[in-house]
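In what follows, a structure is listed as structure tokens, so that the remarks can point back to it.
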């Protein structure tokens, strides 16, 4: 049997009794980093028979070995450095191959960073998980722009060295007032959970360098739907999107004939404080 076993994302006590039992019985344990995993296993008194590094650079080679081990009747368990294997971690290709061959495998559920944040987010709407956004701004914005009018929440991971760039692009592509939820260093000593707007979250991160450290989970909420009751007493749904005022539109209209759209949008934003995305969309539509 191949077991796919979740491990703690921070607090070492967040591991199940079943996970510990399976790890004790395993002839082979696959892991991302042998040093990190050996420490975890030692803390729970798991006697390791064979610990094998398994990551994106050797996934193909080790997968073939796992197939042979399973065919020889061995119990193999895969763990990651933190959380559930296959969730933005190695393991997807291995499981795909094992399923293709009809060999037995089984999940050992447990900690998962994005599920942990969803559980305390207060979300009452559907959500989807994306994982890590592309590292380059151009590619990242291409994805973000697709979520401008999405009707569900989107959960992503981000690395500490890219969190500022990522939030900057979220503000640029989705707007200052886009609702977001941040989970940083979940289950660890300096855990941070914040629910605010994209712009305010960026300011918060920039104001404290300590908030730029650790592992990040972000939930990007859709534009909220509000219930509006008209004078006739009939309720209707309306999207609570920020709108351009007549003053902001007039300012942009004065500048558009004289300047390139991008420059006109930037100046209008500085003068009136209007949302850049709304200004740019208006400029393109009325060019």
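The values are calculated or read from the model by the stated rules, or taken from the named source; none is laboratory data. Computed from a predicted structure; not experimentally measured. Positions of Cβ are backbone-derived with ideal geometry, glycine not excepted, and every protein chain shown enters the neighbour counts.
Based on what the data block shows, is residue 79 without any contact (Cβ under 8 Å) to a residue 60 or more places away in the chain and surrounded by 15 or more Cβ atoms within 10 Å (Cβ to Cβ)?
Judged against the criteria, residue 79 is not a match.
Across segment 163-196, which residue is nearest to residue 147 (Cα to Cα) among those that are out of contact with any helix residue (DSSP H, G or I) (no Cβ under 8 Å at 6 or more places or on another chain) and surrounded by fewer than 16 Cβ atoms within 10 Å (Cβ to Cβ)?
In this case the residue turns out to be 191.
From the residues in segment 215-244 that are touching a helix residue (DSSP H, G or I) at 6+ places or on another chain (Cβ under 6 Å) and modelled with pLDDT of 90 or more, which one is nearest to residue 163 (Cα to Cα)?
Step by step, filter segment 215-244, then rank; the result is 216.
Being at pLDDT 85 or above and under 21 Å from the mean Cα position of the chain (by Cα) narrows it down to one residue among 266, 272, 197; which is it?
The match here is 197.
Wholly within segment 1-85, which strands (runs of 3 or more DSSP E) include no fewer than the required count, namely at least 1 residues that are under 20 Å from residue 104 (Cβ atoms) and modelled with pLDDT under 95?
Once the strands (runs of 3 or more DSSP E) in segment 1-85 are filtered for at least 1 residues that are under 20 Å from residue 104 (Cβ atoms) and modelled with pLDDT under 95, nothing remains.
For segment 178-196, which residues satisfy the criterion of being assigned to a strand (DSSP E or B) and either without any contact (Cβ under 8 Å) to a residue 60 or more places away in the chain or outside the structural domain of residue 151 (by TED's automatic domain parsing) (or both)?
Answer for segment 178-196, where residues must be assigned to a strand (DSSP E or B) and either without any contact (Cβ under 8 Å) to a residue 60 or more places away in the chain or outside the structural domain of residue 151 (by TED's automatic domain parsing) (or both): 179, 180, 182, 184, 192, 194, 196.
Among residues belonging to segment 40-50 that are in contact with a strand residue (DSSP E or B) (Cβ under 9 Å, 6 or more places away or on another chain) and surrounded by fewer than 16 Cβ atoms within 10 Å (Cβ to Cβ), point out the one that is nearest to residue 21 (Cα to Cα).
49
When the residues of segment 138-177 are narrowed to those that are in a loop (DSSP other than H, G, I, E, B) and closer than 21 Å to residue 115 by Cα, which ends up nearest to the chain's Cα centre (by Cα)?
Here the answer is 159.
So, in segment 89-102, exactly how many residues are farther than 21 Å from residue 18 by Cα, surrounded by fewer than 18 Cβ atoms within 10 Å (Cβ to Cβ) and in contact (Cβ under 8 Å) with a residue 40 or more places away in the chain?
Here the count works out to 0.
State whether one or more residues within segment 92-105 are under 13 Å from residue 30 (Cβ atoms), part of a loop (DSSP other than H, G, I, E, B), at pLDDT below 95 and under 22 Å from the mean Cα position of the chain (by Cα).
Within segment 92-105, not a single residue is under 13 Å from residue 30 (Cβ atoms), part of a loop (DSSP other than H, G, I, E, B), at pLDDT below 95 and under 22 Å from the mean Cα position of the chain (by Cα).
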